[in-house]
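Take a look at the structure set out below.
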Amino acid sequence: MEISKPHAALLSSPGTGHLIPVLELGNRLVTHHNFAVTIFVVSSHASPAEAQVLQSSMSPKLCNIIDLPPVDISGLVDPNAAVVTQIAVMMREVRPNLRSSISSMKLRPTVLIVDFFGTESLPIADEFDMLKYVYFPSNEWFVALTIYVPFLDKVVEGEYVHQKEPLKIPGCKPIRPEEVVDPMLERTNQQYFEYLRIGSETLMSDGILINTWEDLQSTTLTALRDEKFLGGIVKVPVYPVGPITRAVSGLKSDLFDWLDKQPSESVIYVSFGSGGLLSYEQMTEVAWGLELSQQRFVWVVRPPTIEAADAAFFTAGKGGDDPLSYLPDGFLRRTQSLGLTVPFWAPQVDVLNHPSIGGFLSHCGWGSTLESITNGVPMIAWPLYAEQKMNATLLTEEIGVAIRSKVLPSKKVVQREEIEKMARMIIEDNDGKNGIRGRVKELKHSAEKALSKGGSSDNAFSQLEKQCKMCMERQKATAQ
Ligand SMILES: O=c1ccn([C@@H]2O[C@H](COP(=O)(O)OP(=O)(O)O[C@H]3O[C@H](CO)[C@@H](O)[C@H](O)[C@H]3O)[C@@H](O)[C@H]2O)c(=O)[nH]1
């Protein structure tokens, strides 16, 4: 490793939805900003999707990847505890391994960048005289809520979900009580305390990196920087560095042969992120809705869950039960010429990049959202868990690239007639009434501009690079 380059150590928390954006941030730092990068991975070790993502990051191998030894949290947390609690405890327990890995490195890292579940490791950066940043692979509105929750905690009485009025965040769009993130659903649950802690610890960093860009949501960014609003509590720089997404791999398969034969922008891609699951009843309605709409589709099908909305978070992409056996009788035969089903996992970035894809029925995970926007594909927002309800609102009410059902799918089963209508609307509305196709294409260009030389995200990276070079000089001076 060259001593002249800043060396960034990135820490990723378990889950494909976190691992992918951290790996891509690392790749970007290497390819565009002359960093050396080591990525510390805390993997869940049960997810084939995660293993596959790690494997593909080896060619070309741009970053040094260190899989931290797994930690046993069985004695510390109930196996049925919320996913956020489990991740938080894993990230807490992994700290000694991270510390010893960093201390044994020949070339001391200049900066530690943790994803937001790793904020408890920030003091380790101080021990080694490194800079410390928090990376949110999500949007500014979520960042705003996360850092403001410790303040809401002091003034809001009772459960957030029982509030009569939307929750106010200085300078930002208020949040409707039914849209709060999962850790805020129950204020006595451990995941809530972990979330509060993450919010406070983020403010102790040297800066916040967000996987978005200046023009996507400029009002919230302004609020995060303006002293009169959230800038009054966020004293560190906020860098929108995105959209950072995976590159198209150029895969060839029967799926792409089929897509090649479909008309331009005619196919709806249906997928719920790395682990999203539907109830059996909802899965049945989706199947009927697609069939009734007579629109073309590619559907990543997983076996149903008993909850209204759930996720196979630690086992993403894992086989087992045949998911296709849960589809309505005769569905596959009747839709043979209309669509394709893909069990468990699809090469999503390549699919969204295909010219025949014209809409994405998505759970609104931020990775999927960015992949849709950067490929100019409008969405049907179908939020399930985590911060996805906020994302869906952002996409439909503020950014204007999605349509959605009348009632949240996590609250009530969306009926086939409404799905049929949305499927037609997303494909047939070529720059029609709702104008979302035109808007998403505009944003595709604005995203490209942000990342190009001299664009806003490129500039944000340059500022980070500058801070890191200054830190390197300081480290050198103290070592002499
Ligand atoms: O069949 C599939 C399904 C998913 N993916 C990829 O998996 C990633 C999924 O990421 P994302 O859309 O962000 O969803 P989650 O995996 O659900 O991500 C978690 O992490 C995100 C970032 O914090 C949050 O926005 C989400 O709400 C949270 O659930 C994307 O890169 C997809 O391309 C595939 O390649 N094939």
Next item on the list: From ALA423, ALA381, ALA450, ALA479, grab the single residue that is of a type in the set (A, V, I, L, M, F, W, C) and in contact with a Cys (Cβ under 8 Å, 6 or more places away or on another chain).
Entry: ALA381
Notebook entry, point to check: Would you say ALA36 is away from the ligand (no atom under 14 Å from the Cβ) and in contact with a helix residue (DSSP H, G or I) (Cβ under 6 Å, 6 or more places away or on another chain)?
Noted result: no
Note to self: Can you find, within the stretch 24-33, the residue that is nearest to TRP366 (Cα to Cα) among those that are open to solvent by 10 Å² or more (accessible area, probe 1.4 Å) and within 16 Å of the ligand (Cβ to nearest atom)?
What the structure shows: GLU24
Next item on the list: Scan the stretch 105-126 residue by residue and report those that are open to solvent by 10 Å² or more (accessible area, probe 1.4 Å) and either modelled with pLDDT under 95 or assigned to a strand (DSSP E or B) (or both).
Entry: MET105, LYS106, LEU107, ARG108
Notebook entry, point to check: Counting just the residues of the stretch 34-64 that are open to solvent by less than 30 Å² (accessible area, probe 1.4 Å) and assigned to a helix (DSSP H, G or I), which one comes out nearest to ILE102 (Cα to Cα)?
Noted result: LEU54
Margin query: Taking the criterion of being at pLDDT below 95 and basic (Lys, Arg), would at least one residue in the stretch 278-296 satisfy it?
Written below: no
Checklist line | Where a residue in the stretch 65-76 is assigned to a strand (DSSP E or B) and its partner, wherever it lies, is crowded, with 17+ Cβ neighbours inside 10 Å and of a type in the set (Val, Ile, Thr), with Cβ under 8 Å and at least six apart | finding: ILE65/THR38; ILE65/ILE39; ILE65/VAL41; ILE66/THR38; ILE66/ILE39; ILE66/VAL41; ASP67/VAL41
Checklist line | Flag for GLU2 being within 15 Å of the ligand (Cβ to nearest atom) and either at pLDDT below 95 or not in a loop (DSSP other than H, G, I, E, B) (or both) | finding: no
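Out of the residues in the stretch 139-176 that are in a loop (DSSP other than H, G, I, E, B) and either over 16 Å from ALA223 (Cβ atoms) or outside the structural domain of THR188 (by TED's automatic domain parsing) (or both), state the one that is least open to solvent (accessible area, probe 1.4 Å).
Here is the first cut: in the stretch 139-176, the ones in a loop (DSSP other than H, G, I, E, B) are 139, 156-159, 163-166, 168-174, 176.
From what is left, the residues that are either over 16 Å from ALA223 (Cβ atoms) or outside the structural domain of THR188 (by TED's automatic domain parsing) (or both) are 156-159, 163-165, 176.
Details: VAL156: 23, GLU157: 155, GLY158: 49, GLU159: 45, GLN163: 53, LYS164: 183, GLU165: 123, ARG176: 77 Å².
Step by step, filter the stretch 139-176, then rank; the result is VAL156.
Could you tell me which of the residues PRO14, PRO21 is in a loop (DSSP other than H, G, I, E, B), modelled with pLDDT of 90 or more and within 16 Å of the ligand (Cβ to nearest atom)? Steps first, answer last, please.
Numbers: PRO21 fails: in a loop (DSSP other than H, G, I, E, B).
Of the residues listed, the single one that is in a loop (DSSP other than H, G, I, E, B), modelled with pLDDT of 90 or more and within 16 Å of the ligand (Cβ to nearest atom) is PRO14.
Hey, can you tell me all the residues within the stretch 233-249 that are within 16 Å of the ligand (Cβ to nearest atom) and open to solvent by less than 50 Å² (accessible area, probe 1.4 Å)?
If we filter the stretch 233-249 for residues that are within 16 Å of the ligand (Cβ to nearest atom), which is where we start, we get 240-249.
PRO240, VAL241, GLY242, PRO243, ILE244, THR245, listed by residue number.
Results for (1) crowded, with 17+ Cβ neighbours inside 10 Å; (2) outside the structural domain of ASP260 (by TED's automatic domain parsing); (3) at pLDDT 95 or above, shown as yes or no for each residue.
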{"site": "PHE313", "(1), (2), (3)": "yes, no, no"}
{"site": "ASP321", "(1), (2), (3)": "no, no, no"}
{"site": "SER325", "(1), (2), (3)": "no, no, no"}
{"site": "PRO328", "(1), (2), (3)": "no, no, yes"}
{"site": "PHE331", "(1), (2), (3)": "yes, no, yes"}
{"site": "THR335", "(1), (2), (3)": "yes, no, yes"}
{"site": "PHE344", "(1), (2), (3)": "yes, no, no"}
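Name the one entry in PHE256, PHE229 that is aromatic (Phe, Trp, Tyr) and open to solvent by 40 Å² or more (accessible area, probe 1.4 Å).
Values: PHE256 fails: open to solvent by 40 Å² or more (accessible area, probe 1.4 Å).
PHE229 is the lone residue from the list that is aromatic (Phe, Trp, Tyr) and open to solvent by 40 Å² or more (accessible area, probe 1.4 Å).
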Next item on the list: Within the stretch 367-389, track down each residue that is near the ligand (Cβ under 10 Å from one of its atoms) and under 24 Å from LYS406 (Cβ atoms).
Entry: SER368, THR369, SER372, PRO383, LEU384, TYR385, ALA386, GLU387, GLN388, LYS389
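How many of the residues making up the stretch 362-418 are assigned to a loop (DSSP other than H, G, I, E, B) and on the phi < 0 side of the Ramachandran plot? Spell out how you get there, then give the answer.
Initially, the stretch 362-418 is screened for residues assigned to a loop (DSSP other than H, G, I, E, B), giving 363-365, 375-378, 382-387, 400-401, 405-415.
Okay, now just the ones that are also on the phi < 0 side of the Ramachandran plot, so 363, 365, 375, 377-378, 382-385, 387, 401, 405-415.
Residues in the stretch 362-418 being assigned to a loop (DSSP other than H, G, I, E, B) and on the phi < 0 side of the Ramachandran plot: 22 in total.
The values are calculated or read from the model by the stated rules, or taken from the named source; none is laboratory data. The shown structure was predicted, so the numbers you read here are calculated from the model rather than taken from an experiment. Virtual Cβ from ideal backbone geometry, glycine too; neighbours counted across all protein chains shown. These area figures cover heavy atoms from the full protein model, side chains too; ligands, DNA and RNA do not enter into them. Shrake-Rupley method; radii C 1.70, N 1.55, O 1.52, S 1.80 Å.
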